[in-house]
1. For the range 35-69, name all the residues that are small (Gly, Ala, Ser) and closer than 14 Å to residue 24 by Cβ.
2. Give me the pairs: first residue in the range 14-29 and within 18 Å of residue 51 (Cβ to Cβ), second residue basic (Lys, Arg), beta-carbon distance under 9 Å, and six or more apart or on different chains, which are they?
3. Take the residues in the range 45-68 that are of a type in the set (D, E, K, R) and part of a helix (DSSP H, G or I), then tell me which one is farthest from residue 18 (Cα to Cα).
4. For residues that are in a helix (DSSP H, G or I) and among the hydroxyl-bearing types (Ser, Thr, Tyr), scanning just the range 5-37, find the one that is modelled with the highest pLDDT.
Amino acid sequence: MIATLDSLFDEALSLSDDNRLQLIERLIPTIQSEPSLEADQVNEVNRRIKEIKTGTVKTIPGEQVFHEIEQSLASRRYA
């Protein structure tokens, strides 16, 4: 199962930003909500999706984010 999830994740990363957002929008309603997922959280997700779609915010590729995290952690190790 993990290999399948990893391969799906890798495939999703190869999609354009718009297609990844569409995938997320289609998947979110299929998740059985737990009481801990409050309406405020859903509203926040929807707000952020709208900001990305309208270009109010710019997305950063996941690879870049992980690279920056690795750099930050490495600099702290050697500080």
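1. Result: 62, single match.
2. Cβ pairs passing all conditions: 18/53; 21/53.
3. Looking at residues that are of a type in the set (D, E, K, R) and part of a helix (DSSP H, G or I), I get 68.
4. So in the range 5-37, the residues in a helix (DSSP H, G or I) come out as 5-13, 17-30.
Within this subset, residues satisfying the condition of being among the hydroxyl-bearing types (Ser, Thr, Tyr) are 7, 30.
On the way: 7: 91, 30: 85.
Among those residues, the one meeting the criterion is 7.
The values are calculated or read from the model by the stated rules, or taken from the named source; none is laboratory data. In this text the structure is predicted, and so the values were computed from the model without any measurement. Here Cβ is always computed from backbone atoms with ideal geometry, including for glycine, and neighbour counts include all displayed protein chains.
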